[in-house]
Amino acid sequence: KLRNLLFMCSFTACKTNKACREIYERIVEKGKSKKLALIAVCSKLLKQAFAIAKSGTYYQENYLSKLA
């Protein structure tokens, strides 16, 4: 169920989330399938959700890591 839910959320994320849109466009421009690009967006969403849950902070679109 989680996999299906993430896949459906990836459609909206490609429209509203800048980082997800960049990943999607980059993969499609390389000639890969749109479904593969959406699965990559699912992975990005899962990583973002895990990072937010782990750190306990709110999502910040312009966040820069202190390590960078």
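The values are calculated or read from the model by the stated rules, or taken from the named source; none is laboratory data. Predicted, not measured: the structure shown is a model, and the values here were computed from it. So basically every Cβ, Gly included, is an ideal-geometry build from the backbone, and we count neighbours across all protein chains shown. For the accessible areas, the whole protein counts, side chains as well, though only heavy atoms, and no ligand, DNA or RNA atoms are used. Shrake-Rupley method; radii C 1.70, N 1.55, O 1.52, S 1.80 Å.
Observations on the model:
- Unique match (being among the basic types (Lys, Arg), out of contact with any Gly (no Cβ under 6 Å at 6 or more places or on another chain), at pLDDT 95 or above and in a helix (DSSP H, G or I)) among Arg21, Arg26, Arg3: Arg26
- Between Ser65, Ser10, Ser55, the distinction of being touching a helix residue (DSSP H, G or I) at 6+ places or on another chain (Cβ under 6 Å) and at pLDDT below 95 belongs to Ser10 only.
- Residue count for segment 23-51 under the criterion of being under 27 Å from Leu64 (Cα atoms) and open to solvent by less than 100 Å² (accessible area, probe 1.4 Å): the result is 18.
- Of all residues making up segment 52-68, the number that are assigned to a helix (DSSP H, G or I) and surrounded by fewer than 10 Cβ atoms within 10 Å (Cβ to Cβ): 3
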